[in-house]
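Q: This is the structure I want to talk about, given as structure tokens.
Coordinate-derived values only; no laboratory data. This structure is a prediction, so every number in the text was calculated from the model and none was measured. Note that we place each Cβ from the backbone using ideal geometry, even for glycine, and neighbour counts take in every protein chain shown.
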Amino acid sequence: PNRIRGRTVLVTGATAGIGASCARSFAREGARVVATGRRTERLEALAAELRAEHGAQVWTGSLDVRDRAAVESFRDELRAEGVVPDVVVNNAGKARGMDPLQSGDPDDWDEMIDTNVKGLLWVTRAFLPAMIEADRGHVVNIGSIAGRWTYPSGNVYCGTKYAVVALTEGLNMDLAGTRVRVSSVDPGLVETEFSEVRFHGDSERAESVYRGYTPLSPDDVADAVLYVVNAPEHVDVFNLVLMPTDQRHATIVHKTD
Ligand code: NDP
Ligand code: 8X3
């Protein structure tokens with residue numbers, strides 16, 4: 001059965017990669033979509049596409065998740081329009097740099113911690129009380145296998161994703177007794193703009209990350225997100241890990257060239 005239709009799903013980082021795929025997949029299944037991210041033109045293009053292709057109701061928010069006040073006022077603006085998300089997909093996130101800790105750039109660390117950890121907290125804190133009040137809702141955190149195994153020079157990025165594990169587990173505990181569910185979906189390598197961002201626009205290096213094997217696609221991850229949200233209300237998927245068949249551990253990737 002389709003338990004997605006008619007729900008109101010907020011996706012952070014819907015302008016690219018996994019978030020854009022999630023927005024498309026939820027719209028296709030009949031959800032009302034609140035698409036957020038910093039690149040306004042992309043949000044508008046996405047909204048137009050979802051309306052045209054799926055007849056979806058779509059709201060957009062040009063939102064930097066690091067800005068707590070902006071997150072709260074966006075929540076208030078939505079509420080004033082009668083839009084109260086009952087699914088939040090905390091997807092906005094990034095790696096910046098891949099260096100040994102001793103030579104890492106603290107500005108990169110700020111960006112990762114502020115986005116992947118604090119941004120996730122601001123969004124969750126803003127939208128969760130209405131779910132608790134309605135006694136219905138779902139928070140889906142996009143974690144990573146980087147929150148399960150660290151790898152050389154993964155240090156701070158992995159630390160942020162280990163934090164997502166603790167926050168997913170902690171939130172489940174804190175919500176015991178409510179009908180609000182909390183899941184994390186933790187992928188291995190997914191071909192998106194992730195590596196372009198990590199390597200500060202070095203496209204050659206970014207492309208090489210996905211060469212010689214078949215990585216996950218953003219749609220593969222969106223399928224997993226749909227699965228956890230569509231599960232019957234008495235089922236709370238804590239954690240769903242998905243890997244490319246060609247990848248069996250953080251650093252074990254079978255490449256043919
Ligand atoms: P992309 O770079 O393709 O997309 C990242 C999205 O996050 C963009 O929409 C971007 O939008 C948004 N974003 C970044 N910073 C902010 C911010 N400060 N405020 C709001 N939105 C922001 O990467 P992915 O799709 O791969 O990444 C999505 C999530 O998946 C991340 O949490 C990542 O850690 C995780 N992940 C990725 C894997 C991979 O191999 N690709 C594997 C495992 C997990 P904009 O720039 O417009 O704000
Ligand atoms: C992204 C996957 O292996 O580059 O979370 O950390 S990895």
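Q: Looking only at region 155-181, which residues are away from ligand 1 (no atom under 16 Å from the Cβ) and in contact (Cβ under 8 Å) with a residue 40 or more places away in the chain?
A: First pass over region 155-181, keeping only residues away from ligand 1 (no atom under 16 Å from the Cβ): 169-181.
Selection gives Glu169, Leu171, Asn172, Leu175, Thr178, Arg179, Val180, Arg181.
Q: Would you confirm, using the coordinates I've provided, whether Ala95 is small (Gly, Ala, Ser), within 16 Å of ligand 2 (Cβ to nearest atom) and either farther than 30 Å from Ala206 by Cα or outside any helix (DSSP H, G or I) (or both)? Write out each step before concluding.
A: Working: small (Gly, Ala, Ser): yes; within 16 Å of ligand 2 (Cβ to nearest atom): yes; either farther than 30 Å from Ala206 by Cα or outside any helix (DSSP H, G or I) (or both): yes.
In short, yes.
Q: Given the criterion out of contact with any Gly (no Cβ under 9 Å at 6 or more places or on another chain), within 11 Å of ligand 1 (Cβ to nearest atom) and within 30 Å of Ala231 (Cα to Cα), identify the matching residue among Leu189, Leu121.
A: When all the criteria are applied, what remains is Leu189.
Conditions tested, residue by residue: (1) out of contact with any Asp or Glu (no Cβ under 9 Å at 6 or more places or on another chain); (2) more than 16 Å from ligand 2 (Cβ to nearest atom); (3) more than 14 Å from Val117 (Cβ to Cβ).
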{"position": "Pro152", "(1), (2), (3)": "yes, no, yes"}
{"position": "Thr160", "(1), (2), (3)": "yes, no, no"}
{"position": "Ala163", "(1), (2), (3)": "yes, no, no"}
{"position": "Ala166", "(1), (2), (3)": "yes, yes, no"}
{"position": "Arg179", "(1), (2), (3)": "no, yes, yes"}
{"position": "Pro187", "(1), (2), (3)": "no, no, yes"}
{"position": "Glu193", "(1), (2), (3)": "yes, no, yes"}
{"position": "Gly201", "(1), (2), (3)": "yes, yes, yes"}
{"position": "Ala206", "(1), (2), (3)": "no, no, yes"}
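Q: Restricting attention to region 192-222, and to residues there that are without any contact (Cβ under 8 Å) to a residue 60 or more places away in the chain and acidic (Asp, Glu), which single residue is nearest to ligand 1 (Cβ to nearest atom)?
A: Residue satisfying both the conditions and the ranking: Glu196.
Q: What number goes with the only condition from (1) in contact (Cβ under 8 Å) with a residue 60 or more places away in the chain; (2) closer than 25 Å to Glu196 by Cα; (3) away from ligand 1 (no atom under 16 Å from the Cβ) that Val87 does not pass?
A: Among (1) in contact (Cβ under 8 Å) with a residue 60 or more places away in the chain; (2) closer than 25 Å to Glu196 by Cα; (3) away from ligand 1 (no atom under 16 Å from the Cβ), Val87 violates only (2).
Q: Does Ala126 satisfy being under 24 Å from Ser21 (Cα atoms), away from ligand 2 (no atom under 16 Å from the Cβ) and part of a helix (DSSP H, G or I)? Explain how you work it out, then say what you get.
A: Numbers: under 24 Å from Ser21 (Cα atoms): yes; away from ligand 2 (no atom under 16 Å from the Cβ): yes; part of a helix (DSSP H, G or I): yes.
It is true that Ala126 is under 24 Å from Ser21 (Cα atoms), away from ligand 2 (no atom under 16 Å from the Cβ) and part of a helix (DSSP H, G or I).
Q: Within region 57-75, restricting attention to residues that are away from ligand 1 (no atom under 14 Å from the Cβ) and under 20 Å from Glu41 (Cα atoms), which residue is surrounded by the fewest Cβ atoms within 10 Å (Cβ to Cβ)? Explain how you work it out, then say what you get.
A: Residues of region 57-75 that are away from ligand 1 (no atom under 14 Å from the Cβ), as a first pass: 57-59, 72-73, 75.
Narrowing the set further to residues that are under 20 Å from Glu41 (Cα atoms) leaves 57-59.
On the way: Gln57: 17, Val58: 21, Trp59: 19.
Selected residue: Gln57.
Q: Next question. Among the numbered criteria (1) of a type in the set (A, V, I, L, M, F, W, C); (2) more than 22 Å from Val165 (Cβ to Cβ); (3) in contact with a Pro (Cβ under 9 Å, 6 or more places away or on another chain), which one does Phe127 miss?
A: (2)
Q: Check Val225 against each of (1) away from ligand 1 (no atom under 14 Å from the Cβ); (2) buried (at least 16 other Cβ atoms within 10 Å of the Cβ); (3) not aromatic (Phe, Trp, Tyr) and name the one condition it does not meet.
A: The single condition Val225 does not satisfy is (1).
Q: Where residues in region 3-23 are under 15 Å from Val87 (Cα atoms) and over 11 Å from the mean Cα position of the chain (by Cα), which of them is nearest to ligand 1 (Cβ to nearest atom)?
A: First, the residues of region 3-23 that are under 15 Å from Val87 (Cα atoms): 3-14, 19, 22-23.
Narrowing the set further to residues that are over 11 Å from the mean Cα position of the chain (by Cα) leaves 3-9.
On the way: Arg3: 24, Ile4: 20, Arg5: 25, Gly6: 25, Arg7: 21, Thr8: 19, Val9: 15 Å.
In this case the residue turns out to be Val9.
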